[in-house]
Amino acid sequence: MISIDGLGVEFGGTTLFKDISFVVNEKDRIALMGKNGAGKSTLLKILAGVKTPSHGKVSAPDDAIIAYLPQHLLSENNRTVFGEASQAFVELIAMRQEMEEMNRQLSSRTDYESPEYYDIIEKVSTLSEKVYSRGDINFDSEVEKILLGLGFERSDFQRLTSEFSGGWRMRIELAKILLQKPDLILLDEPTNHLDIESVQWLEDFLINQAKAVIVISHDRTFIDNITTRTIEVTMGRIYDYKVNYSQYLVLRDDRRRQQQKAFDEQQKMIADNQEFIERFRGTYSKTNQVQSRMRMLEKLKILEIDEVDTSHLRLRFPPAPRSGNYPVIANDVSKSYGDHLVFSDVSFTVERGEKIAFVGKNGEGKSTLVKAIMEQIEHGGSLKIGHNTQVGYFAQNEASLLDESVTVFQTIDDIAKGEIRTKIKDLLGAFMFSGDDLDKKVKTLSGGERTRLAMIKLLLEPYNLLILDEPTNHLDMRTKDILKQALMKYDGTLILVSHDRDFLDGLVTKIYEFGNKQVKQHLEGIQEFLARKKMEHLNELEAKGS
C-alpha cells in the first residue's frame, strides 16, 4: 500500500539512519520501537510528509489519506470542540458542495455537445468517485460518537478548545484524525494524555476500524494489544518482525545473543592474531605471515552489537524511615471550583506500606486530591498526614523546580547518599543520560529530560510516603521497568496517579476510582479492576439495548 525505499537521514555530519526500506500493507498495525534518539519520531514525520529525508522516498497512491498525530499539540483557537473536530470533514464537505454546484450547472445548460459540458461531466464523475468512496457519512453523528469515545461529555461540545488543557486538545486532534478514516494512521505517544478508559476505547477503535497504523508508544500493554508487527530502529538500520511486542522481545534477545557470540569470537580471533604478530614481528621466517595478518586486521570490519543492554541495573530506594500506622486520613473531603463540584464526601484511610492507585477519567479530581493531601489547595473536610510521615511528591511541574544552573551529574551528586554514590553514572545511564549529557546544564535540557532527572532526584530522598502523579509519561519501557521494580521493593507507602496499566499491574493492591463526583475504594489489582469494569460496562450496554 505504502512503500518506503532506501530512506536515509543525515544532519550535522551524523547519519541517523540509512537505506531503510519496508512496505506498509492494509491491516498492518506496526509498533515502531528503539531507544531514545534512534530516529523513530523522525521516521514518522517523514512518512507523514512533514519532514524530507536526505535520501530515498516514500510512495503512496494519490488518493491515500495519511493522518499524523505528533507529540506537539494544536494551538488554541476560537472554535468549539465540536467545530474543531468537524474540521476533519472540511475537504469532503467542500467536494460535495462543488459537486452540487456543477450538477446545477449541468441541469441548466443546453450545450450538450460542447467541450465545456463534457469537461463538467468529467469533473463531476471524478469528484463523485472521491466522495462516494468515503461512504454516506452523517457528519454530526460521527463527530459525536468519536468525541464521546475519547472521554468528552456532550456538555463539552460547545465549549471553546482554548478552555481545555493540552491533553484534552490532543484528544480533539486525535478525534479529527479518526474521523478522516485514513488509510494510514501515524501516532506518536498517543496514550500519554489519555485516561485508562479512553486508552481502551482507542485500542478497540484501532483494532476493529483502522486500516493501517504505525505507533510509537512506551505503553507496553497498549502496543501489545493493538500491534501485529514490530519494526525496531537501531544504530541506523531497522529489523522488521511480523509479531507483536512481547514476541519481538524474545526474538530481539535471540538476535543479540547471536551478535554477542559472533562479536566474542571475532575479538578472540583478533587477540590471537595480535599475539602472533607481536611474538613473531622480528622473525625473518615469519615476515610474510606477520604482514598478511596485519593487512587482514586492518581490513577487518568490527562487528557491532545493536544496543548495550543495561536492564540488569536495579535501582533501590533508601530504607524508608518508619511512619505512623496511618500516613493519610481523609474525612468528608470535598473540593469545588466556583459552581463546579469536583468531588464530595471523600473518606479513606491509607495504611502504612500500602501501594495504591488513583484511577479514573481525566478531570475527575485525581491530581486535585493529591494537591489537597500536599496542602497546596484549600478544600472542605479533613485531611491529616500521619505521625512522622515524610512525603516525597512528584507533580506534573516537578521538572520546573530543578536548579537550572547546575549540571545533570551535579543535580544527583548533591543529594545521593550511601552506596548509590558509586553508581551515579550507571543510574543516570538507566534514565537515558550518558556521555556528554552528564555535563549539560539543566537549563539546556528538554522537558522530557528534565522530567526524568526530577524523577531520579526524588527517588533518592529517604521518604516513607511517595505520591507520584503520572510518573511514566516521559520514560521508555526499560526505564519504567527499573522504576517499577524499585517501587515494588520500596518499603514505604505509595500513592500513584497513573493510566499505565502495565506499570500498575502487580505493583498496586488497592484502587481508588474517581468518577461522578465520588471516590470509590476497590481492594484489588488493576487487571481485576479493569476486567470487572468492562463487564459492568457491557451489562450497562445490554440493559440499555433491552
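A few points about this structure:
- Residues that are without any contact (Cβ under 8 Å) to a residue 24 or more places away in the chain and either of a type in the set (Asp, Glu) or in a loop (DSSP other than H, G, I, E, B) (or both), drawn from the stretch 2-37: Gly12, Gly13, Gly37
- The residues of the stretch 273-293 that are open to solvent by less than 70 Å² (accessible area, probe 1.4 Å) and not in a loop (DSSP other than H, G, I, E, B), listed by number, are Asn273, Phe276, Ile277, Phe280, Lys286, Thr287, Val290, Ser292.
- Selection count, the stretch 79-101, where residues are in contact with a Ser or Thr (Cβ under 8 Å, 6 or more places away or on another chain), modelled with pLDDT of 85 or more and of a type outside the set (S, T, N, Q): 3
- Here Ser86 fits the description: open to solvent by less than 40 Å² (accessible area, probe 1.4 Å) and under 28 Å from the mean Cα position of the chain (by Cα).
- Residues in the stretch 38-59 that are outside any loop (DSSP other than H, G, I, E, B) and under 22 Å from His218 (Cα atoms): Lys40, Ser41, Thr42, Leu43, Leu44, Lys45, Ile46, Leu47, Ala48.
- Residues that are free of Cβ contacts under 8 Å to residues at least 60 places away in the same chain and of a type in the set (Asp, Glu) within the stretch 329-350 comprise Asp332, Asp339, listed in sequence order.
- Within the stretch 318-337, the set of residues being open to solvent by 60 Å² or more (accessible area, probe 1.4 Å) and either in a strand (DSSP E or B) or among the hydrophobic types (A, V, I, L, M, F, W, C) (or both) comprises Asn331, Asp332, Tyr337.
- Every residue from the stretch 188-217 that is open to solvent by 30 Å² or more (accessible area, probe 1.4 Å) and either assigned to a loop (DSSP other than H, G, I, E, B) or of a type outside the set (A, V, I, L, M, F, W, C) (or both): His193, Glu197, Gln200, Asp204, Asn208, Gln209, Lys211
- Boolean, Val359 is assigned to a helix (DSSP H, G or I) and open to solvent by less than 50 Å² (accessible area, probe 1.4 Å): no
- For the stretch 240-270, filtered to residues that are aromatic (Phe, Trp, Tyr) and out of contact with any helix residue (DSSP H, G or I) (no Cβ under 7 Å at 6 or more places or on another chain), the residue that is nearest to Asp481 (Cα to Cα) is Tyr248.
The values are calculated or read from the model by the stated rules, or taken from the named source; none is laboratory data. For clarity, every value in this text was computed on a predicted model and none was experimentally measured. Neighbour counts run over all protein chains shown; Cβ positions are idealised from the backbone, glycine included. Just so you know, the surface numbers come from the protein's heavy atoms only, side chains and all, with ligands and any DNA or RNA stripped out. Shrake-Rupley method; radii C 1.70, N 1.55, O 1.52, S 1.80 Å.
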